[in-house]
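Asks: One structure follows; several queries about it will come next.
The values are calculated or read from the model by the stated rules, or taken from the named source; none is laboratory data. Here the structure is a predicted model, which means the values were calculated and not measured. Heads up, the Cβs are rebuilt from the backbone with ideal geometry, glycines too, and the neighbour counts pull from every protein chain shown. Heavy atoms of the whole protein, side chains included, go into the accessibility calculation; ligands, DNA and RNA do not. Shrake-Rupley method; radii C 1.70, N 1.55, O 1.52, S 1.80 Å.
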Amino acid sequence: MSEASVKADGRSRPRTALLFSLGLVLFLILLALGSWQVQRLYWKEGLLETIDRRTHSAPRPLAEVEKEFAATGDVDYTPVTVTGTFLHQGERHFYATWEGDAGFNVYTPLALDDGRFVLINRGFVPYDLKDAAKRAKGQVTGKVTVTGLARNPLPAKPSMMLPDNDVAKNIFYWKDRDVMAASAGLPAGAALVPIFIDADKTLNPGGLPVGGVTIIDLPNSHLQYAMTWYGLAAALAAVLILRLRRPAKEE
């Protein structure tokens with residue numbers, strides 16, 4: 001072997017070692033990402049199973065659901081039944097779409113017999129029917145019983161991409177329960193049930209609001225993501241093995 005070849009080989013070995021080390025680090029990162037997605041897959045499958053079990057269970061009294069929420073902090077999609085009187089003058093409007101139309105989900109305080117209030121998502125109204133006077137038939141009076149799905153309150157704004165709520169115009173882009181209640185004109189010191197309730201599809205007089213608008217659509221692509229990360233790790237491993245074997249063949 002010539003002196004030039006020895007020098008070239010001496011220079012290439014540290015570079016090969018460096019590239020191999022970087023490749024090994026990247027390989028471990030890809031494996032970790034794949035394993036994380038597998039963990040997320042198990043979590044998502046458990047969540048979907050819980051939601052399916054809850055939505056197909058019988059409606060429960062509000063007191064039972066509240067007790068479970070106090071114990072676990074999670075009653076999302078649990079069927080619940082509650083009785084009270086709507087305070088339509090305090091309805092809050094949450095920007096939403098339904099079957100391709102833009103409009104609002106109407107959240108109305110329901111006064112309970114124990115003096116507390118719970119915000120009921122009565123359903124969807126088109127954008128041009130935001131004004132309750134245009135859908136007066138749906139403003140039911142007297143004591144009513146509502147059956148629907150319990151929904152957990154949001155601890156904070158879910159995304160910085162969402163606009164801030166416009167309380168002055170009564171347009172909410174995220175469900176800030178405390179602000180919705182505070183701006184609804186409830187009596188001073190009014191106590192609020194800690195959850196929302198999405199009303200079911202029971203038809204309202206005049207057809208509005210349209211109930212049963214709860215969307216349960218949780219994508220579960222974690223298996224595909226895991227396979228992608230593991231596939232990239234396998235491809236990288238193949239490249240590293242070939243790179244290590246090449247000098248030996250050349251010698």
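Asks: Sorted by accessible area with a 1.4 angstrom probe, largest first, how do F124, F27, F20 fall? Working shown, then result.
Replies: On the way: F124 10, F27 50, F20 70 Å².
These residues rank, largest area first, as F20, F27, F124.
Asks: For K44, K130, K67, write out the residues from largest to smallest accessible area, computed with a 1.4 angstrom probe and no ligands counted.
Replies: Values: K44 20, K130 45, K67 160 Å².
Ranking K44, K130, K67 by accessible area, largest first, yields K67, K130, K44.
Asks: A further question follows. Do the alpha carbons of any pairs in K44/K157; K130/K175; K44/K201 sit beyond 24 Å of each other, and which pairs? Can you show the working numbers first?
Replies: Details: K44/K157 22 Å; K130/K175 17 Å; K44/K201 27 Å.
Flagged as over cut-off: K44/K201.
Asks: Toward the positive end of the charge dipole of the chain, about the Cα centre and with charges on Cβ (Lys, Arg +1; Asp, Glu -1), which of T147, A181, W36 goes farthest?
Replies: Highest projection toward the positive end goes to W36.
Asks: Heavy atoms only, probe 1.4 angstrom, no DNA, RNA or ligands counted: give me T147, T228 ranked by accessible area, highest first. Before the final figure, lay out the partial values.
Replies: Working: T147 45, T228 80 Å².
Ranking T147, T228 by accessible area, largest first, yields T228, T147.
Asks: Would you mind working out the magnitude of the charge dipole of the chain relative to its Cα centre, with +1 at each Lys and Arg C-beta and -1 at each Asp and Glu C-beta, to the nearest 20 Debye? All intermediate terms of the calculation are to be shown ahead of the outcome.
Replies: On the way: 28 positive and 26 negative charges, 149 e Å.
So the magnitude is around 720 debye.
Asks: Continuing with this model, one more query. For a label point 7 angstrom out from the Cα of S159 toward its Cβ, which stretches of region 189-209 have the backbone nitrogen within less than 15 Å?
Replies: Flagged as within label range: none.
Asks: Going Cα to Cα from K169, which aspartates and glutamates come in below 18 Å? Please leave out same-chain ones fewer than 8 positions away.
Replies: Once the sequence-local aspartates and glutamates are set aside, what remains near K169 is E91, D128, D131, D178.
Asks: Probe of 1.4 angstrom, ligands and nucleic acids ignored: what's the accessible area per residue over the chain, in square angstrom?
Replies: Accessible area per residue, the chain: 59 Å².
Asks: Still on this structure, I have one more. Apply the Karplus parameterisation 6.51 cos²θ - 1.76 cosθ + 1.60, with θ equal to phi minus 60°, to every residue of region 118-134 and state each ³J(HN,Hα) to the nearest whole Hz, in sequence, with x for glycine and proline.
Replies: Values, residue by residue: 9, 7, 9, 7, 6, x, 9, 10, x, 4, 7, 10, 4, 5, 4, 5, 7 Hz.
Asks: Separate question: Would you mind calculating the relative contact order of the chain from Cα pairs under 8 angstrom and at least 6 residues apart, reporting the percent as a whole number?
Replies: 24 percent
Asks: Moving on. Would you work out what percent of the accessible area of region 54-213, with all protein chains in place, is carbon or sulfur (probe 1.4 Å)?
Replies: On the way: 4460 of 7840 Å².
Using a 1.4 Å probe with all protein chains present, region 54-213 comes out at 57 percent carbon and sulfur.
Asks: Let me ask another. Could you give log10 I(q)/I(0) at q = 0.15, 0.18 Å⁻¹ for region 49-175, computed by the Debye formula over C-alpha point scatterers of equal weight, without solvent?
Replies: For the requested q values the scattering log ratios are -0.83, -1.16.
Asks: Right, next: Cut-off 10 angstrom, C-alpha nodes, Gaussian network model of the chain. Which of R60, R151, R15 fluctuates the most?
Replies: Maximum among the listed residues: R15.
Asks: While we're on this one: Enumerate the calculated ³J(HN,Hα) couplings along region 173-183 in order (Karplus 6.51 cos²θ - 1.76 cosθ + 1.60, θ = phi - 60°), each rounded to whole Hz, writing x wherever the residue is Gly or Pro.
Replies: Result, ordered by residue: 9, 9, 8, 7, 4, 5, 6, 4, 5, 5, 8 Hz.
Asks: Provide, as a two-decimal number, the C-alpha radius of gyration of the chain over 2.2 N^0.38 Å, N being how many residues it has. Show your work: numbers first, answer last.
Replies: Values: Rg = 28.7 Å, N = 251, 2.2 N^0.38 = 18.0 Å.
Normalised Rg, Cα atoms only: 1.60.
Asks: Here is a follow-up. Evaluate the distance, in nm, between pseudo-label points positioned 7 Å from the Cα of S35 and of I215 along their respective Cα→Cβ axes.
Replies: Between S35 and I215, the simple spin-label model gives 3.6 nm.
Asks: Just how large is the dipole of region 61-142 about the Cα centre, in debye to the nearest 20, putting +1 at every Lys and Arg Cβ and -1 at every Asp and Glu Cβ?
Replies: Numbers: 8 positive and 12 negative charges, 84 e Å.
For region 61-142, the charge dipole is close to 400 debye.
Asks: Here's a follow-up. Quick one: among A150, A238, A96, which has the greatest mean-square fluctuation in a GNM of the chain with alpha-carbon springs under 10 angstrom?
Replies: A238
Asks: Starting from the 7 Å offset along Cα-to-Cβ, what nm value, one decimal, do you get for the label separation of T83 and T147?
Replies: Distance between the two pseudo-spin positions: 1.4 nm.
Asks: Now for a different question. Per-residue HN-Hα couplings for region 21-38, Karplus 6.51 cos²θ - 1.76 cosθ + 1.60 at θ = phi - 60°, whole Hz, x for Gly and Pro?
Replies: Those phi angles translate into 5, 5, x, 5, 4, 5, 4, 5, 5, 5, 4, 5, 5, x, 5, 4, 5, 5 Hz.
Asks: Taking R0 as 45 Å, what's the FRET efficiency between L28 and V179 from their Cβ-Cβ distance, rounded to 0.05?
Replies: Details: r = 46 Å, r/R0 = 1.02.
Efficiency computed from Cβ-Cβ geometry: 0.45.
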